[in-house]
């Protein structure tokens, strides 16, 4: 499906932003690509466009050689067919479900893919097995963050989008989640597009840094 | 307590209201959905039409139903081809109740749909769920307490329905004589004060229970606990 030469993230988009227009173009071969910029620069908008939640005015978005959006060719895959595991900054865990049902929500799509991960794998990786029966409103910040990552991993995602995954955590938890992201990169080989405003975080994780704004 | 005739009246009232609300709830939900989520020309007009039974004199609503469903009415003639008539039947009373309860139900359901966090819906879509699955697993369960609250509220409104019913299907004991109509009839007869009191107490009790249930459900909408 993806040729050796295809960049992991190949993005060239134009989107109206406030008064002006945001134009962003980059091709990255790194396992983790970081988008950095001041708040309000449009970092989250870029993730939303890759996920299919925001339609660019024009442009092209391809991940690992697979075209998700192309305004010239008239391609615009709906979010459910893009195969992205999006870890939102506000997490968006489903409040009316237990942790386990949240984790398995996307497993239906994963069933049709040559899936790499089982619920047990993810629980072991993230250390969330004791939480499975809990309602999500009774999770701490760090726990909820790990469940959100687990839910994205279990959805048969072909790539991951992380929006400031460390911003709401204390320093101890930050180190822990950063270690997890490195393990996801190294053990699962899933491409990651990572939004952050923290230089140290980006320095440690990202193979390629794209400034925005 | 109640005499057998009075029990029959209570049972008939509950039957009329239950059928009215059960039948009209899907339509009310559809309207609420259109008003909450729809982007179309004529949305303001639909909103006004939905609220019409709330502000029209009930006797006018009853008369309009009579025009539509009567023997000469457009709908009435169409129904007659299938041998169906709601005139002077309890089904007609249910229809009048449904129309009168409709605006209240749409309002409650619309609020609960609007209260659903759409960010959760977009999260579900990125996880591979199509629109239909998002509706069934995210939107509907989160809106459900409000939808049920709307139905209970509609049920309560329907139990009290008087004007449109008596205009549309008249006051026929055992067929269309619901609680309010029975109380009205009893008031016309000298010396029936105790019967009036009994029926009125039943009426107050039923309304109070329905309002309490509706309030408990509506509070669930604010939290995300869901039943």
key: Residue list for the range B:29-56, restricted to those being in contact (Cβ under 8 Å) with a residue 24 or more places away in the chain, surrounded by 14 or more Cβ atoms within 10 Å (Cβ to Cβ) and over 16 Å from the mean Cα position of the chain (by Cα)   = B:33, B:35, B:36
request  = Report whether or not residue A:193 is outside any helix (DSSP H, G or I) and under 15 Å from the mean Cα position of the chain (by Cα).
outcome  = yes
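Table: residues versus (1) within 14 Å of chain A (Cβ to nearest Cβ); (2) at pLDDT 95 or above; (3) crowded, with 21+ Cβ neighbours inside 10 Å.
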| site | (1), (2), (3) |
| --- | --- |
| B:152 | no, no, yes |
| B:173 | no, no, no |
| B:207 | no, no, no |
| B:221 | yes, no, yes |
key: Residue within the range B:78-85 that is part of a loop (DSSP other than H, G, I, E, B), without any contact (Cβ under 8 Å) to a residue 24 or more places away in the chain and touching a helix residue (DSSP H, G or I) at 6+ places or on another chain (Cβ under 7 Å) present   = yes
request  = Go through the residues of the range A:130-147 one by one and say whether even a single one is touching a residue at least 12 places away in the same chain (Cβ under 8 Å), surrounded by 21 or more Cβ atoms within 10 Å (Cβ to Cβ) and not in a helix (DSSP H, G or I).
outcome  = no
query = How many residues, within the range A:81-112, are at the interface with chain B (Cβ under 7 Å from one of its Cβ atoms), buried (at least 17 other Cβ atoms within 10 Å of the Cβ) and not in a loop (DSSP other than H, G, I, E, B)?
reply = 3
key: Filter pass, residue B:134 being crowded, with 19+ Cβ neighbours inside 10 Å, within 13 Å of chain A (Cβ to nearest Cβ) and at negative phi   = yes
key: Residues located in the range B:137-150, provided they are facing chain A (nearest Cβ under 8 Å) and either touching a helix residue (DSSP H, G or I) at 6+ places or on another chain (Cβ under 8 Å) or over 24 Å from residue B:105 (Cβ atoms) (or both)   = B:137, B:138, B:142
key: helices (runs of 4 or more DSSP H) completely within the range B:122-180 that count 3 or more residues being under 30 Å from residue B:55 (Cα atoms)   = B:140-159, B:163-169
Some residue of the range A:71-79 being touching a residue at least 12 places away in the same chain (Cβ under 8 Å), buried (at least 16 other Cβ atoms within 10 Å of the Cβ), away from chain B (no Cβ under 14 Å) and in a loop (DSSP other than H, G, I, E, B) = yes
query = Which condition breaks for residue A:166 when tested against (1) farther than 19 Å from residue B:131 by Cα; (2) facing chain B (nearest Cβ under 9 Å); (3) assigned to a loop (DSSP other than H, G, I, E, B); (4) touching a strand residue (DSSP E or B) at 6+ places or on another chain (Cβ under 8 Å)?
reply = (2)
message = Condition first: in a helix (DSSP H, G or I) and at the interface with another protein chain (Cβ under 9 Å from one of its Cβ atoms). Now tell me which residues in the range A:150-163 satisfy that.
response = A:151, A:152
task = Go through the range B:91-123 and give me each residue that's at the interface with another protein chain (Cβ under 10 Å from one of its Cβ atoms) and buried (at least 24 other Cβ atoms within 10 Å of the Cβ).
result = B:123
ask   = Taking residue A:147, is it away from chain B (no Cβ under 12 Å) and farther than 22 Å from residue B:117 by Cβ?
value = no
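The values are calculated or read from the model by the stated rules, or taken from the named source; none is laboratory data. Every value quoted in this text rests on a predicted model; they were computed, and no experiment measured them. Positions of Cβ are backbone-derived with ideal geometry, glycine not excepted, and every protein chain shown enters the neighbour counts.
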